[in-house]
There are 2 protein chains.
Amino acid sequence: MNDLKQKLISLVENDLQDIEAALDQNLNPHVEMVRETAGHLIFSGGKRIRPLLNMLCARLCGYTDEFIKKFSTIIEFLHTATLLHDDVVDDAAIRRGKPVAHTIWGAPVTVLVGDFLLARALHIAAETENPKIIKVIAEITESMCQGEIIQLIKKGDIRLTEAEYMDVIQRKTGFLIQGACQTGAILAGAPIDIEKKLSEYGYHIGIVFQIADDLLDYTSDTKELGKTIGTDLKEGKLTLPIIHTLEKADAKDRVWMEKIITGKNFTDNEFKKLIQLMHDTGGIRYCRKIAENHVRDAKKIIASFPQSKTTETLLLIADYTLNRNA
Amino acid sequence: MNDLKQKLISLVENDLQDIEAALDQNLNPHVEMVRETAGHLIFSGGKRIRPLLNMLCARLCGYTDEFIKKFSTIIEFLHTATLLHDDVVDDAAIRRGKPVAHTIWGAPVTVLVGDFLLARALHIAAETENPKIIKVIAEITESMCQGEIIQLIKKGDIRLTEAEYMDVIQRKTGFLIQGACQTGAILAGAPIDIEKKLSEYGYHIGIVFQIADDLLDYTSDTKELGKTIGTDLKEGKLTLPIIHTLEKADAKDRVWMEKIITGKNFTDNEFKKLIQLMHDTGGIRYCRKIAENHVRDAKKIIASFPQSKTTETLLLIADYTLNRNA
């Protein structure tokens, strides 16, 4: 465990316990198999960054009601629903070091349990009776599906541009993290300028989160990451490190990379060579630089609030989002 | 086209046109492929019974706002979302006489487009800013997924009881039709007793609708139905005609039936023999009787309203729901 993570956990230990308890209490399935299938992924050691951001942003705006615990499950249930469907869509094998749900319960049950979680999230949102919150949650859901669809359509397309990549990551990852922060503020009844600030903080964190994720697929190792590294490339998912390296590589390397990408198969040595190329062309550095800029912007926003344990935590989350091992 | 259908269409021709136009206008995908995939099923000649019930119930309660057109798409989008996922789950081949979406665009895109439609439906519901409506829509969605999951778990289980069957059909079909009627009343701001009456009308129609569907799988022919008859049985779905026949058949016939059901494969002659058995044991008659009782109860509710073109249509829908060819 790195220092940032340790420090962060010491700050949010109680919140994380509350989140775990709330997830368990609010799943409420009519059918036991739903609890089992959904629970397999929900309780497999997720980082809970999303519900945590939701809680912290509400707290920063002065919200003290216990309902935030239940509310924060909306964000994690939505996230889990998309993971369940993604794993079916990508035909993934492991996630968080465990076999994915559809290899145990089959794709049909997994698709339906994902649907249940989407519905459950929107049901809890409806309980707030706050139209603005409900709209934000519904829009996030709509956007996430479309982000996934665009990603699927563009799979293996070596012409994918950086702008298209940014559009996809914002839809599939960014909006949910942004929405977690924004709905925390709305729930707290924060004034619109504060809501906008926290929404913007979430926007930056969302981008950092996905770029860091995409980097980990080339810079981590399988054991630490809890899933096979190089998976994105095997699935034909072109992420920023690859996009930038393709742009900067010379003609010969580019042809070689295109062969690797479209072939969707490579030896360990070829993968190592690819990573070397990412370093040589500055692809890795470029991604980190972009992410660092967003970390800086995120922290600037939080620095504009009066200092507190909550602002300290939100600043730390910005750093941790980029500098994590998994 | 039978007489009932012809009469019904003459009464609701304009409404059906409005529904078609609203479905097209409110799909609003960001990605063109979503329109194509969703549209393939949405515009493949669905009966539009659900949005129609929604419109008619709102009108019966005095609602005249144009927004009902958009609102009614919620019901059809939810319905289409579940059909898309069902066809993936059941690995179906044809629906409404056309190849199903996942055989054209693949299961991944189909799952994600289904998700989009769920989200789109809930987004339009959120636009009403009416917490009660949003809750009903979210509950329906939750219930439908769970109905599908129970059905999936119980596939091929010859011990399925009539009570379990009724629970499944209410969840997967009933609640949506009931909700279509109820939300029509809520949108119109109807008093609670009127809302309850129309919800109950929808409850009866929902049961009739599913029992009629289940009967058609044994009494129609493939061309008329737009999908292969005997499909339920091939998929291991035990419906009321089978459940009742299993209960009434003598030991020898029962053993033969169990073999057919668990084997999931049968010749045309075996299927004919099975249908004969359903007639001989009174299985078909029993199902029709139950459905007729619900038609009667549904009509009794509508008869309590002052007579109008709208009540005439709702009465006709009750009869048509049971006596249709597809």
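The values are calculated or read from the model by the stated rules, or taken from the named source; none is laboratory data. Here the structure is a predicted model, which means the values were calculated and not measured. Note: ideal-geometry Cβ built from the backbone for every residue, glycine included; neighbour counts use all protein chains shown.
Residues checked against (1) away from chain B (no Cβ under 14 Å); (2) out of contact with any Cys (no Cβ under 6 Å at 6 or more places or on another chain); (3) modelled with pLDDT of 90 or more:
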{"site": "A:Glu66", "(1), (2), (3)": "yes, yes, yes"}
{"site": "A:Phe71", "(1), (2), (3)": "yes, yes, yes"}
{"site": "A:Asp86", "(1), (2), (3)": "no, yes, no"}
{"site": "A:Ala92", "(1), (2), (3)": "no, yes, no"}
{"site": "A:Pro99", "(1), (2), (3)": "yes, yes, no"}
{"site": "A:Val109", "(1), (2), (3)": "no, yes, no"}
Just checking, does the range A:264-272 include any residue being among the basic types (Lys, Arg) and touching a Lys or Arg at 6+ places or on another chain (Cβ under 8 Å)? yes
From the list A:Ile137, A:Ile169, A:Ile150, exactly one residue is surrounded by fewer than 24 Cβ atoms within 10 Å (Cβ to Cβ), among the hydrophobic types (A, V, I, L, M, F, W, C), part of a helix (DSSP H, G or I) and facing chain B (nearest Cβ under 9 Å). Which is it? A:Ile150
What do you reckon, is A:Asp193 among the charged types (D, E, K, R) and closer than 22 Å to A:Met278 by Cα? no
Are any residues in the range A:282-313 touching a Ser or Thr at 6+ places or on another chain (Cβ under 6 Å) and at pLDDT 95 or above, and if so, which ones? A:Ile302, A:Phe305
Quick check on this structure: which one of A:Ile153, A:Ile186 is more than 26 Å from A:Gly236 (Cβ to Cβ), more than 14 Å from the chain's Cα centre (by Cα) and not charged (D, E, K, R)? A:Ile186
Some residue of the range B:44-64 being within 14 Å of chain A (Cβ to nearest Cβ) and modelled with pLDDT under 95: no
Every residue in the range B:175-193 that is more than 20 Å from B:Val295 (Cβ to Cβ) and either among the aliphatic types (A, V, I, L, M) or touching a Gly at 6+ places or on another chain (Cβ under 6 Å) (or both), please. B:Ala185, B:Ile186, B:Leu187, B:Ala188, B:Ala190, B:Ile192
Count of residues meeting criterion [closer than 30 Å to A:Asp65 by Cα, in contact with a helix residue (DSSP H, G or I) (Cβ under 6 Å, 6 or more places away or on another chain) and of a type in the set (Ser, Thr, Tyr)] in the range A:101-159: 2
Being of a type outside the set (Asp, Glu) and loosely packed, with under 14 Cβ neighbours inside 10 Å is the filter here; which residues of the range B:261-281 pass it? B:Thr262, B:Gly263, B:Lys264, B:Asn265, B:Thr267, B:Asn269, B:Lys272, B:Gln276
